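See structure below.
The values are calculated or read from the model by the stated rules, or taken from the named source; none is laboratory data. Predicted, not measured: the structure shown is a model, and the values here were computed from it. Methodologically, a virtual Cβ is constructed for each residue, glycine included, from the backbone with ideal geometry; neighbour enumeration extends over all protein chains shown.
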Amino acid sequence: MLINKEKMTSPFKFLDSYTKEDKEIFFGRDKEIEELYHKVFENKTLLVYGVSGTGKSSLINCGLSGKFSESDWLPVNIRRGGNITESIERSISALSLTTLKINSSKEGWLKKALHSLYLDHFKPVFLIFDQFEELFIFGSKSEKEAFVKLIKDVIDSDLQCRFVFVIREEYLAGITEFEKTIPSILANRVRIEKMSRLNAKMAVEGPCKFSGIELEEGFSDQLLNKLSPDSNEIELTYLQVYLDKIYKLVSHEKTGNNLQFTHAILDKTGDVKDLLGSFLDDQISELSDPDIGLAVLKAFVSTKGTKRQITESEVFEFCRTLGKDLSAERLRELIQHFVSLRILRDKDESGRFELRHDALALKIYEKISLVEKELLEVRQFIENSFDNYQRRKIYLSTKDLSYFAPYEDKMFLSEQLISFINDSRRMLSKIKRRKRTFAVSAAILLFVVLSGFTFWALNERTKAKENEKTALIEKEKALKAINEADVAKKEADSLRLVKKGPPSAVISATKMNVLYLGIDNPITVAVPGFSAEDVYVSTTGGKLKKGSNNTEYIIFPQQENQLCYINVSIRYRPEDTAFTPIGRMGFRVYRIPDPEPFLCEKKGGKISKKELLNNTGIIAEIKNSVFDLKYSVTGFVLMIEVNGLFTCIESKSSTFNESQIKAIKQLKKGQDIFISDIKAMAPDGKERYLNGIIFSID
């Protein structure tokens, strides 16, 4: 096929994610796309997670987006930026057709804004939170609390709005912070696996065929063997970088119009080991001042080795903190140079730049020294504290100031942050002065009180003697009143025996004063003075059957959070054909409560490796329950913390599998493990997701 090389662009994305406009060259993910499309309608929230480089963002922004028609899909793409609430507000405003004054400090503002957005477009709104781990890396406690409250407010409403959270697997444990407020947030989720060799082959050949690039027979297999000789899984990041490199090489050297990928080209590209590292080193070494260039790139990396969005002024302050003095003009030139090299992504609407991929961030993170990492952590602590102050007016404490005092003279902070630190010191001084003033005032007040107390005690002693005489008189009156009350009671009892009223039913739940869906709920019904044959029991809002004796009944309620009524009628004589209603009682209906998970009869805390390896599995039960409820655990995920990140291993039973046991054997004393995504089958036949449990190796 002949093509015009001048007009052609690379069908490979390098480090960019795919968008809806790229659907013609997006191959190898059909199964995941179908799963996402069905899952997004199962719940108002969808959690998409996987390790870095599995193509999560592309699957949402290209794969899932391509499944919708224009009239059924209004995506609102949101990154945390400086603050997630402000980013939500900014993203909605950008898509709104109606000018809307948004006051994010006012309760219910997000519902109002989303309703207005829906009326503007008449399309279901999908809020897509990409790189959601940024909230747990950079976000303060107050920011997270405000965010989850906003989301719950919308979930509980009837708005046509759904949420998609895209997060790296290592930070999945952070989501459990939101489970108390939004219990279902982990219920609907999809794990994105690395691409298989078969699908990776489609990802190579599909774009080439669409773009008219000829492939020599066996080219795809040889390329994948070079990338991953010992595994059936392919790193998508490196695949795209490698293909882009091959495309540039072929485009540069080919003299005709016919582009062809050959085995000879693969041999010419050389070793593929550490593609990104080599690419990064080459670009930095070509700069006139490599040290300053590297310092600029370090500014775009978080303390966890992930990419971060920052402004030009923040990069400038960071470089000065590392002792690199450069002009604003030189910084601007370097940033634009890295943008042109496709290392940085150009600034967004809020003026923030970022690295194109976390894989680059990890390579740069390897070049950050221990001292520089400490400065990064301290700076992030100050920024989070300032964000907390802006929202809750909480200043730095004495302990906070002591923490970063050794680093303060080494950091170049913005005027806002410097002012915040100085204001915190002034506030602490005021508090100390107030405490001293209060202590002196309290001492004077105590002296006055003690003097007054002596006079009061003498006065009260006189009153007490007078009250004692009065109490004796009142006691005699009370005894007389009791005797009169006893006489009146006996007279009333006699009168009641003469005028006996109609019979009344005694209805009581055998175990609890509530009814549960899906299980046997025993109750007893009796009418004093009447045999069981003369008592008729029925129910409204449920079904009923006889129990083990004449007064016991088993109730099966039908609807949660409604009243189920027990109705009682009697017949006065055996020959009567009709029963007379005499009373009824309503019971509140609930679903069976969730059990608590236990491992080695523990809900968390310290545990030895021996206990872990010899355990009989995770059990789920409700302690001290009057019902004999049997729950069976059907699966869980073991998260093990390694260097501040989590490795997730899934079990599809209640016991540890071989991979989990292998990981447990490598644990060290003091190391934490987290058991999450615990699934248990309840007696009503429905699967429940239980709270996670955390252990520390003893």
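For the reader, a short list of remarks on this structure follows.
- Selection status of Phe404, crowded, with 17+ Cβ neighbours inside 10 Å, of a type outside the set (Ser, Thr, Tyr) and at pLDDT below 75: yes
- Positions within the stretch 580-600 being out of contact with any Leu (no Cβ under 6 Å at 6 or more places or on another chain), buried (at least 19 other Cβ atoms within 10 Å of the Cβ) and assigned to a strand (DSSP E or B), in sequence order: Leu599
- Counting only helices (runs of 4 or more DSSP H) that fall entirely inside the stretch 241-355 and contain at least 1 residues that are closer than 23 Å to Glu366 by Cα, the qualifying elements are 275-285, 290-298, 312-321, 328-340.
- Looking only at residues in the stretch 129-157 that are of a type in the set (D, E, K, R) and part of a helix (DSSP H, G or I), the one that is farthest from Glu170 (Cα to Cα) is Asp153.
- Residues (modelled with pLDDT of 90 or more, over 16 Å from Phe579 (Cβ atoms) and surrounded by 13 or more Cβ atoms within 10 Å (Cβ to Cβ)) located in the stretch 542-556: Gly542, Glu552, Ile554, Ile555, Phe556
- Whichever residue in the stretch 664-689 is in contact with a Leu (Cβ under 7 Å, 6 or more places away or on another chain) and closer than 20 Å to Glu170 by Cβ and, among such residues, is surrounded by the most Cβ atoms within 10 Å (Cβ to Cβ): Ile678
- Test: residue in the stretch 291-309 that is in contact with an Asp or Glu (Cβ under 8 Å, 6 or more places away or on another chain), surrounded by fewer than 15 Cβ atoms within 10 Å (Cβ to Cβ) and either more than 27 Å from Leu224 (Cβ to Cβ) or at pLDDT below 85 (or both): no
- Yes/no for Leu376 being more than 25 Å from Glu408 (Cβ to Cβ) and either more than 28 Å from the chain's Cα centre (by Cα) or outside the structural domain of Asp130 (by the TED database) (or both): no
- When the residues of the stretch 201-227 are filtered to those that are surrounded by fewer than 19 Cβ atoms within 10 Å (Cβ to Cβ) and small (Gly, Ala, Ser), the one that is nearest to Asn258 (Cα to Cα) is Gly212.
- Taking the criterion of being part of a loop (DSSP other than H, G, I, E, B), among the β-branched types (Val, Ile, Thr) and touching a strand residue (DSSP E or B) at 6+ places or on another chain (Cβ under 9 Å), the only residue of the stretch 601-642 that qualifies is Ile622.
- For the stretch 501-530, filtered to residues that are in a strand (DSSP E or B) and modelled with pLDDT of 85 or more, the residue that is nearest to the chain's Cα centre (by Cα) is Tyr516.
Conditions tested, residue by residue: (1) touching a residue at least 24 places away in the same chain (Cβ under 8 Å); (2) touching a helix residue (DSSP H, G or I) at 6+ places or on another chain (Cβ under 9 Å).
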site	(1), (2)
Leu236	yes, yes
Ile246	no, yes
Thr262	yes, yes
Gly270	no, no
Gly277	yes, yes
Asp282	no, no
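- Qualifying residue in the stretch 92-107 (condition: at pLDDT 90 or above and not in a helix (DSSP H, G or I)): yes
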